[in-house]
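Notes for the one structure printed next.
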Amino acid sequence: MTQSVVLQVGQCGNQIGCRFWDLALREHAAVNKKGIYDEALSSFFRNVDTRNGGDGADIHKGKIFSLKARALLIDMEEGVVNEILQGPLRDVFDSKQLITDVSGSGNNWAVGHKLYGCQYREHIVEKLRRTAEHCDCLQCFFVIHSMGGGTGSGLGTFVLNVLEDEFPEVYRFVTSVYPSGEDDVITSPYNSVLAMKELNEHADCVLPIENESLFSIVSKIHQMTNSGKLGSTVKQNSLLTSSAGSIKTEQEKPFDAMNNIVANLLLNLTSSARFEGSLNMDLNEISMNLVPFPRLHYLVSSLTPLYTLADVNVPSRRLDQMFSDAFSKDHQLIQADPKHSLYLACALLVRGNVQVSDLRRNIERLKPSLHFVSWNQEGWKTGLCSVPPVGHSHSLLALANNTCVKPTFTELKDRFMKLYKKKAHLHHYLHIDGMEQSCFSEAISSLSDLIEEYNQLDATKGAPRTDPSRLKIAM
Amino acid sequence: MSIVTVQLGQCGNQIGYEVFNAICSDFHSTHGLCSKKENESYQEACKERFFSEEKTGVPVARAVLVDMEPKVISQTLSMAARSGHWKYDHQSHFCQKQGSGNNWANGYSVHGPRYREVIMNLVQKEAEKCDRLSGFFTVMSMAGGTGSGMGAFVTQCLRDAFPTSFILNQVIWPYGTGEVIVQNYNSVLTLSHLYQSSDALLVHENDAIHKICAQLMNIKKISFRDVNQVIAHQLGSVFQPTYSSEGASQYSKSPLGDLMESLVPHPEFKMLGLRNIPQMSENSLAYSTFTWPGLIKHLRQMLIANAKMEEGIDWQVRPPLPGHPVPPKASPNKALHFNTSIANLVVLRGKDVQSVDLGGFRDPALYTSWLNPQEAFNIWKTPRAFNKYEKSASLVSNSQFLLKLMDNIVGKAWNMFASKAYVHQYTKFGIEEEDFLDCFTTLEQVISSYASL
C-alpha cells in the first residue's frame, strides 16, 4: 500500500485541505469499525503514540492511538492555519508540519514564488523530507491551491518545482482553483498565467476547479433538498456538500459547502488505491491512461450523485442516471461541456455496489453521444471499488481529458492580455528580485502553445477518419 | 506429473483462485457418475497435478502468486484459507506496494529485472515440491501492467531456467471497449514477447465470457467474479485428469506435454482458443439433458463458424467441399467465413464417453493440408463427470479462432501508435519506438500466417 502527502498552500488550499481531512476521517470511521490502524488509513494518516507527549514513534499496526495527517500546511499569513489549529482538527496536525509567515503575499505571484520561495526553500525541503521519511512507499503528492492569489499561486507552484527536484519519482497531482471572470482580485489573471506555466512544466496531472461550478452545484443541492419535493427523504450525510457526521460541529462557513465538493473529489480519486475492489485503479494508472502527451494533463472532473435518497433499494435506472449525469455539463467542476468537445481519454471510477455489467451497459449507452479522438475511439479507463462513500450505496467520479478545458484557458489568456497590454500593475511584480518582463512573456507563450495544441486536436474532430496503413509483411 | 501455476497481477490472481476453487470442488464432487475405483484414480491424479500435501491435511495449491501491489493477493490468500478445503502456501507469494500503473514497460523493464531473483526462487521452491514437473501454467491479463509486462518477463525467465519444461500462458483478452486505455499497446507488447518464450497461448476473451454469463448463465448483474468462474470452469474442463489415448489404463501423466504435442506442431502457430459446452446456470442444469450427438454437432459447428458459445451459431457456414477451391479469405461475405484449423483437441467427460462418435472432427476439410487429419485431431476422455455436468465436451483449437481479434487489436494499437499518443509513458521506462515496431512486425507476421491457412 502506498502513501500520499497533501500539500495545502495559501488560504484557499488550506480551507479545502481542512475539509478534506475532516471528510477523510469521517470516511475511514465509517469503514473501520474496529479502530485498528490498517493499510487504508496509512495512505493518508500516521498512527502516532502521543502518550508521552511530543512526537511519539510511528506505530504501524494495531490499535489506533492518534492519527496524524500526512500533510504540510503552508501559508504566508497566519489567520487560516491558526484557525485550523484551534479548531476541532487540531490534533490531526503536527506543529512541525506548518510553514507560516505573517504578512501574506499581497495577491502577488512574484512575492509568493520568488520572494518567499527563496526564503523558505530549505525549510520546505526539510519538512518534505521528514514527511517522506514517515512513508513506507510514497507514491503521490497532492498539492491544493488557488491560482488567482499570491501564496497558493506563487509559493504553491514554487513547491511544485521543489517536489520535482527533490522527489522526481513521486507523482504530482495538483488541484487548482481557477479564478472566475468576476474575481475581486484584479491581478488574478497575472497570477494565474504565471502559475499555469509552472503547472504545464512540472505537474503530472492537474484537476482544474472553478468556483462558479462549485457554486451552481451547491445551489442545485440546496434547491433540491429544501424545495420540499424530496426534503426529508434525502440523507443528510450523503450530500456532496455536507459536513454532517464529521468532526466539525459549529456553524458552517460560507465556502465550506463548495470546499466539501473538492474534498470529496480527492477522496473518490484515491478510493481505489485505499480500498479493495474487483478492478483496482491506482493513482499511477490515472496518470498513465489519461495523459497521452506530456503537456495535455488537465483533467475535467465530475462527481455524481450529488445526494442520495433514503430509499434502500436503488433500481438500476437510477444507477444509469448516475452515469448520464457524470457527462452533463451541470456536474462538471469547471465551466465546460465535455459532451460537445473532443475526448482524448476518459476514466470512470465507480464506488460501491456496481458490477462490471452495469459499467459496460452504461459505456455502450453513452458512447454514441460522445466524441473521441480518432486514435482513441475506445479510450475508457475503468475502476471498481467496493467501498462506497459515506451515505451512498454507490458513486461515480469521471475524469476526462477533453478539449473543453480550452475555453477556461482562452478566457484566462484574454483577461491577462487586457491588463498586460496596458502594463497595468506590472511594477508590483517587476520590482521583486528575480522577476523580469521575460517571465511574463514566457508564461503567456506557454499558455498560448497549450491552447494551440488543443486547437489542433479540435480540428480533427468530425474530420473523416483515415486510419494509417498497416505494416506489410513479405511472405 | 504436476503443474505449477504462476498467478500474475490482479486478474491472474483473481482467476487463479477461481481455478483452484473449481478444481477442488470438482474433486469433492459426489456426482462423478463413475465407479468408486475410477473416482479414486481421478482424485489421486488431480491431487498430484495441482496440490501438494501438507501436514495439516489441507491440500496446498501448487502456485506462486505475484503482484506489484498487496490488496489482491491478501484477499486471495484469505479467501482460499477460509474455504477450508484447500489453501495457498503463504510463503509462495510476492508483492510490492506500488503496482505497475498499467504500464507494460514498468512491469517488464523495471519490476521484472528488479524482482527476478526473488520470484524465481519461489518458483524453484514450488517446482522442487513436485515429484515430477510437467510444466508451468501462467495466468495473466494483457491489458494491465503487472500481468502483462511482468508476466512477459517472468515467462522469459521460466524459459531460461527450465528449458525442458512446458509453458502454457493463459491470457485474458480485455473487453473491446476499454478497461484500460493503453490496453492495445500492452496487449501487442505482451503477445509479441510471449510468442518468443511460451509454448502456447490459451486465450479467453472477456467479451465472449461476458456474453456467456448474460445469455447462457442468465446472470443479471454480472460481476468479475462471475466471469472468472466461467473461465475457471472452462479451464478445469480441460486440465482435470483424462485418459489421453485410446486404451490407456492410467490417467495422463503429462497434460501439458500432451497438449503441446497435439496442438502446436509449428512454432509460428501458438494461439489456442477454448470452447466448452454445455454451459448453464446451476438451476437449469437439473432440468436439462443432453445427448452426445447433439453436443458434438454443436461443438463442431462452433469450431467451423467460430462461434463463442452454443447459442447463435451460424449453421450456414460449411467447410469447403473437397476438390473445390477454398473461397478467398477476404470474402466480403464474412458470415460464410470458414474457420480453418491446424489441429484440434476435444475433451469429453461423463456418462457414456466410450460411445461418442467424433468422425465429424476428422473431416480433412476442417484442416490445413500439412498434417494428416489423423494427427491433427486428438481426443481426451474420462467417464468421471465434471462439476455437476452429466456430459461435458471441451474443444481446444489451434485455428483461425483468434485471427480477427488479433487483427483488431493490432489495428487499434497501430492507429494510436501512428499519433504517438502515450508513447512517452513507455519510453520513460525504457521501451523505445523501435521496440514497438518490432512487436508490430512480429504480430503482423503471425496474423499473416494464420490468415493464409
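The values are calculated or read from the model by the stated rules, or taken from the named source; none is laboratory data. Given the structure is predicted, the values throughout are model-derived calculations rather than measurements. Here Cβ is always computed from backbone atoms with ideal geometry, including for glycine, and neighbour counts include all displayed protein chains.
Determine which member of the set B:Glu38, B:Glu18, B:Glu48 is over 18 Å from B:Lys253 (Cβ atoms) and of a type outside the set (Phe, Trp, Tyr). I'd like the intermediate steps shown before the answer.
Values: B:Glu38 fails: over 18 Å from B:Lys253 (Cβ atoms); B:Glu48 fails: over 18 Å from B:Lys253 (Cβ atoms).
Exactly one residue qualifies, and that residue is B:Glu18.
The residue that is nearest to the other protein chains (Cβ to nearest Cβ), among those in region A:1-13 that are crowded, with 24+ Cβ neighbours inside 10 Å and not hydrophobic (A, V, I, L, M, F, W, C), is A:Thr2. The set of residues in region A:265-289 being charged (D, E, K, R) and either surrounded by fewer than 23 Cβ atoms within 10 Å (Cβ to Cβ) or more than 7 Å from every other protein chain (Cβ to nearest Cβ) (or both) consists of A:Arg274, A:Glu276. Here is the figure for region B:413-453: residues that are at the interface with another protein chain (Cβ under 7 Å from one of its Cβ atoms) and not in a loop (DSSP other than H, G, I, E, B) total 11. Report whether or not A:Pro292 is touching a residue at least 24 places away in the same chain (Cβ under 8 Å) and within 13 Å of chain B (Cβ to nearest Cβ). Spelling it out, A:Pro292 is indeed touching a residue at least 24 places away in the same chain (Cβ under 8 Å) and within 13 Å of chain B (Cβ to nearest Cβ).
Only a single item in (1) within 14 Å of chain A (Cβ to nearest Cβ); (2) within 23 Å of the chain's Cα centre (by Cα); (3) surrounded by 24 or more Cβ atoms within 10 Å (Cβ to Cβ) is not met by B:Met406, and it is number (3). Do we find that B:Lys55 is without any contact (Cβ under 8 Å) to a residue 60 or more places away in the chain and assigned to a helix (DSSP H, G or I) in this structure? Against the criterion (without any contact (Cβ under 8 Å) to a residue 60 or more places away in the chain and assigned to a helix (DSSP H, G or I)), B:Lys55 does not qualify. Which one is farthest from the other protein chains (Cβ to nearest Cβ) among residues in region A:357-377 that are touching a Lys or Arg at 6+ places or on another chain (Cβ under 8 Å) and assigned to a helix (DSSP H, G or I)? Per the criteria, the residue is A:Ser369.
Can you pull out every residue in region B:418-445 that is buried (at least 22 other Cβ atoms within 10 Å of the Cβ) and out of contact with any Ser or Thr (no Cβ under 6 Å at 6 or more places or on another chain)?
Keep residues of region B:418-445 that are buried (at least 22 other Cβ atoms within 10 Å of the Cβ), which gives B:421-422, B:425-426, B:431, B:439, B:443.
Residues satisfying the conditions are B:Ala421, B:Tyr422, B:Gln425, B:Tyr426, B:Ile431.
If you check A:Ala336 against the conditions, is it part of a loop (DSSP other than H, G, I, E, B), buried (at least 22 other Cβ atoms within 10 Å of the Cβ), more than 8 Å from every other protein chain (Cβ to nearest Cβ) and small (Gly, Ala, Ser)? In short, yes. Remark: B:Asp226 falls outside the filter, which requires a residue to be farther than 28 Å from B:Arg384 by Cα, at the interface with chain A (Cβ under 10 Å from one of its Cβ atoms) and over 14 Å from the mean Cα position of the chain (by Cα). The lone criterion from (1) farther than 22 Å from A:Glu166 by Cα; (2) surrounded by 14 or more Cβ atoms within 10 Å (Cβ to Cβ) left unmet by A:Val102 is number (2).
Tell me yes or no: at least one residue of region B:9-24 is part of a helix (DSSP H, G or I) and surrounded by fewer than 16 Cβ atoms within 10 Å (Cβ to Cβ). No. Residues in region A:428-459 that are more than 12 Å from A:Lys406 (Cα to Cα), surrounded by 15 or more Cβ atoms within 10 Å (Cβ to Cβ) and hydroxyl-bearing (Ser, Thr, Tyr): A:Tyr429, A:Ser446.
Does B:Gln374 satisfy the condition of being at pLDDT 90 or above, over 30 Å from B:Ser284 (Cβ atoms) and either surrounded by fewer than 21 Cβ atoms within 10 Å (Cβ to Cβ) or away from chain A (no Cβ under 14 Å) (or both)?
Numbers: at pLDDT 90 or above: no; over 30 Å from B:Ser284 (Cβ atoms): yes; either surrounded by fewer than 21 Cβ atoms within 10 Å (Cβ to Cβ) or away from chain A (no Cβ under 14 Å) (or both): yes.
Answer is no for this residue.
How many of the residues making up region A:343-356 are within 13 Å of another protein chain (Cβ to nearest Cβ) and closer than 23 Å to A:Met288 by Cα? So the answer is 9. The residue that is farthest from the chain's Cα centre (by Cα), counting only those in region A:135-194 that are part of a loop (DSSP other than H, G, I, E, B) and hydrophobic (A, V, I, L, M, F, W, C), is A:Ile186.
Pick out, from region A:379-475, the helices (runs of 4 or more DSSP H) lying fully within it that include 1 or more residues that are touching a residue at least 60 places away in the same chain (Cβ under 8 Å), of a type outside the set (Phe, Trp, Tyr) and within 14 Å of chain B (Cβ to nearest Cβ).
Values: elements: A:406-421, A:426-430, A:437-459.
Hits in region A:379-475: A:437-459.
Pairs linking a residue in region A:130-147 that is more than 14 Å from chain B (Cβ to nearest Cβ) to a residue that is surrounded by fewer than 23 Cβ atoms within 10 Å (Cβ to Cβ) and among the acidic types (Asp, Glu), with Cβ atoms under 8 Å and 6 or more positions apart or on different chains, are A:His134/A:Asp58. Inclusion of B:Gly9 among residues that are touching a residue at least 40 places away in the same chain (Cβ under 8 Å), in contact with a Phe, Trp or Tyr (Cβ under 8 Å, 6 or more places away or on another chain) and of a type in the set (Gly, Ala, Ser) is not warranted.
Considering B:Leu122, B:Leu65, the condition of being closer than 26 Å to A:Ile286 by Cβ and at pLDDT 95 or above is satisfied by B:Leu65 alone. Being in a loop (DSSP other than H, G, I, E, B) and away from chain A (no Cβ under 14 Å) is a description that applies to B:Ser252.
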